[in-house]
Amino acid sequence: MKRKIITTADGSQTLEVEELEETYHSRHGARQESEHVFIQMGLVPALVEKKELTILEVGFGTGLNAILSWKTAKQAGAKIHYIGLEAFPVTFDEVAPLGYAEGGEEAAFFQKLHEASWEEEVVIDEHFSITKHEVKLEDATLEQGVVDVVYYDAFGPRAQPEMWRLPLFEQLFEATNEGGIFVTYCAKGQVRRDLASAGYDMERIEGPPGKRHMLRGRK
Ligand SMILES: C[S@@+](CC[C@H](N)C(=O)[O-])C[C@H]1O[C@@H](n2cnc3c(N)ncnc32)[C@H](O)[C@@H]1O
């Protein structure tokens, strides 16, 4: 996949996959989207109930959601076990210029995140450990009932319709804890209905700047 760096409306950068005409984050604002959809609507409500959490991210990509999650966990005095699934990993050299790490400590974290070995748990600090799996979601074996927050950050249904199907949502529902949260930037009616069929109690909530809605589910 050929990727290039683009600047989004909030001034933050992301990657664009030229052949899919898809970006890794919203063109309306990469950082704002991650902060709203995954952190404010997913992680923050989960932290109200628990200070030690397992997050499963589908589409680990640049690691933007991961670094924002670590910063949030540090501020909350919490501990996150992060599981990142990624079918087509990017290298640290590709993502370092995106500017997601501000300052020395963040830069060190971001580098460790990307250089962490795959297929094993790597403890980065007292707030964060990560297990990255180089696998397609459809081929992944997920432990049942352990995930507190699912970050569903696949490419959109236009570019990757196969990622927005009921069997995958059922697989994720099985992996989710009772009370666990599922968040995605996508607000499509069919996706909402399929997530509800998989078992989640779904709500359509306010989206990030530039997008009216997003979806959130609870098990
Ligand atoms: C919208 S981007 C994700 C952005 C990422 N969360 C970030 O913050 O950079 C979608 C990601 O899903 C990955 N992906 C594509 N097909 C996949 C599959 N079948 N299973 C898991 N990941 C996949 C892509 O390589 C890409 O990294």
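The values are calculated or read from the model by the stated rules, or taken from the named source; none is laboratory data. Fair warning: this is a prediction, and the values are worked out from it, not measured in the lab. Quick reminder, even Gly has a Cβ in these numbers, built from the backbone with ideal geometry, and neighbours come from all protein chains shown.
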Inset, instruction - Quick one: count up the residues across the range 120-163 that are within 14 Å of the ligand (Cβ to nearest atom), assigned to a loop (DSSP other than H, G, I, E, B) and in contact with a helix residue (DSSP H, G or I) (Cβ under 6 Å, 6 or more places away or on another chain). - result: 2
Inset, instruction - Write out, first by first residue and then by second, each pair whose Cβ atoms fall under 6 Å of each other, whose residues are 6+ apart or on separate chains, and whose first residue, in the range 189-200, is under 17 Å from ARG212 (Cα atoms) and among the β-branched types (Val, Ile, Thr) while the second is crowded, with 19+ Cβ neighbours inside 10 Å and modelled with pLDDT of 95 or more. - result: VAL191/TRP164
Inset, instruction - Filter the range 98-116 down to residues that are outside any helix (DSSP H, G or I) and in contact (Cβ under 8 Å) with a residue 12 or more places away in the chain and give me whichever is nearest to LYS74 (Cα to Cα). - result: ALA101
Legend entry - Every residue from the range 5-28 that is in contact with a strand residue (DSSP E or B) (Cβ under 9 Å, 6 or more places away or on another chain), more than 10 Å from the ligand (Cβ to nearest atom) and within 13 Å of THR62 (Cβ to Cβ): ILE5, ILE6, THR8, GLN13, GLU16
Inset, instruction - Spot the failing condition for ASP93; the list is (1) free of Cβ contacts under 8 Å to residues at least 60 places away in the same chain; (2) within 13 Å of the ligand (Cβ to nearest atom), and only one is missed. - result: (2)
Inset, instruction - Mind counting the residues in the range 15-69 that are in a helix (DSSP H, G or I), buried (at least 24 other Cβ atoms within 10 Å of the Cβ) and out of contact with any Lys or Arg (no Cβ under 8 Å at 6 or more places or on another chain)? - result: 8
Inset, instruction - Just give me the residues in the range 164-219 being of a type in the set (Ser, Thr, Tyr) and either assigned to a helix (DSSP H, G or I) or more than 23 Å from THR141 (Cα to Cα) (or both), in sequence order. - result: TYR185, SER197
Legend entry - Close pairs (6 angstrom Cβ cut-off, 6 or more residues apart or separate chains): away from the ligand (no atom under 11 Å from the Cβ) in the range 39-68, in a loop (DSSP other than H, G, I, E, B) anywhere: LEU47/ALA78; LYS51/ALA78; THR54/VAL146
Inset, instruction - Tally the residues that are assigned to a loop (DSSP other than H, G, I, E, B) and either free of Cβ contacts under 8 Å to residues at least 40 places away in the same chain or not hydrophobic (A, V, I, L, M, F, W, C) (or both), restricting the search to the range 1-14. - result: 5
Legend entry - Residue check for VAL58: within 26 Å of VAL135 (Cα to Cα) and of a type in the set (Val, Ile, Thr): yes
Inset, instruction - Starting from residues that are surrounded by fewer than 18 Cβ atoms within 10 Å (Cβ to Cβ) and outside any strand (DSSP E or B), keep the ones in the range 72-86 and report whichever is farthest from the chain's Cα centre (by Cα). - result: GLY77
